[in-house]
Amino acid sequence: MFRRGAAILLAFALPGLAQAGDFGRPSPSLLDGLIPKQFWKGPVWSQSSFPLTDLEEQLRDRSYALIRPNEPRGKWNVYIAGFQIAHLFPPDIERYDHTEYARMLLWTPSRSEASLYNRLVEDMDADGRLTGPFVAVACAVADLDLKRERSLVYVGELSNAAVGNAFGRIRENRMVTAWVQRALHWRLASYRYALERFVIAVPSGLAVEAERALGRFERIVLDADVPLVRCAGAEFVLARPPADAPIVSK
């Protein structure tokens, strides 16, 4: 019953979540101030009732900007992403459609193909700028979680519930980190697919710059794999994909 009620509350709050705030992070939800944040912010359901630290809030805020669908027409996808962030669904329940972003751009009326290529380049560069700060926060949280875990043996009068909440929060944080790592690869696949379709549907000299932008973003994603795998833990390791062949023949 509580789970259903939480889903209903979240559905009302999602319009607020779907609006980007400063630095691509979501605007404050309608649930702010109504119920404790740990019950709705981040994938925390049935994991931990401990309050979120400032860094843990940053982790969830920054993760949202990279997990949420990057195609504005995918309204239902935004809702699904919001439910997943509340841990009403596990992260792997969504079957990510890497073709939707390209279809959205190609189906959107535009004055010329230049606007399509420019949008693609801008989106890749924006995601690249968001990745570094997320990695820094995720690994700072992981470092504190390691200290939290090591401190458990020195805390007196520690109940089983408190131990469970501590490990639950550690698992939540690792899940968020791993989820973003997965989402970065999803986005990389979306952008590659989009560029491939542009080259066929609306060929342009701008494809060379778009491929350079794709290469920059790919390097950022692959470089982020090492710290994100370490900070998420071995149980969430995502295999490194093979390198793709060039799209635009020089």
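The values are calculated or read from the model by the stated rules, or taken from the named source; none is laboratory data. The shown structure was predicted, so the numbers you read here are calculated from the model rather than taken from an experiment. Heads up, the Cβs are rebuilt from the backbone with ideal geometry, glycines too, and the neighbour counts pull from every protein chain shown. All accessible areas refer to the heavy atoms of the entire protein, side chains included, with ligands and DNA or RNA removed. Shrake-Rupley method; radii C 1.70, N 1.55, O 1.52, S 1.80 Å.
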Exercise for the section: May I ask you to verify whether ARG103 is basic (Lys, Arg), modelled with pLDDT of 95 or more, farther than 30 Å from SER48 by Cβ and open to solvent by 50 Å² or more (accessible area, probe 1.4 Å)? Expected result: no
Problem - Yes/no for ARG111 being over 24 Å from the mean Cα position of the chain (by Cα), assigned to a loop (DSSP other than H, G, I, E, B), farther than 21 Å from LEU59 by Cα and not hydroxyl-bearing (Ser, Thr, Tyr) - result: yes
Problem - Selection from segment 125-175 of residues that are under 21 Å from ALA234 (Cβ atoms) and of a type in the set (D, E, K, R) - result: ASP143, ASP145, LYS147, ARG148, GLU149, ARG150, ARG169, ARG171, GLU172, ARG174
Handout entry: Residue among VAL121, VAL78 that alone is modelled with pLDDT under 90, open to solvent by 20 Å² or more (accessible area, probe 1.4 Å) and not in a loop (DSSP other than H, G, I, E, B)
Key = VAL78
Problem - Hey, GLY132 closer than 20 Å to ASP54 by Cβ, out of contact with any helix residue (DSSP H, G or I) (no Cβ under 6 Å at 6 or more places or on another chain) and in a helix (DSSP H, G or I) or not - result: yes
Handout entry: Hits in segment 155-191 - residues which are of a type in the set (D, E, K, R) and open to solvent by 30 Å² or more (accessible area, probe 1.4 Å)
Key = GLU157, ARG171, ARG174, ARG182
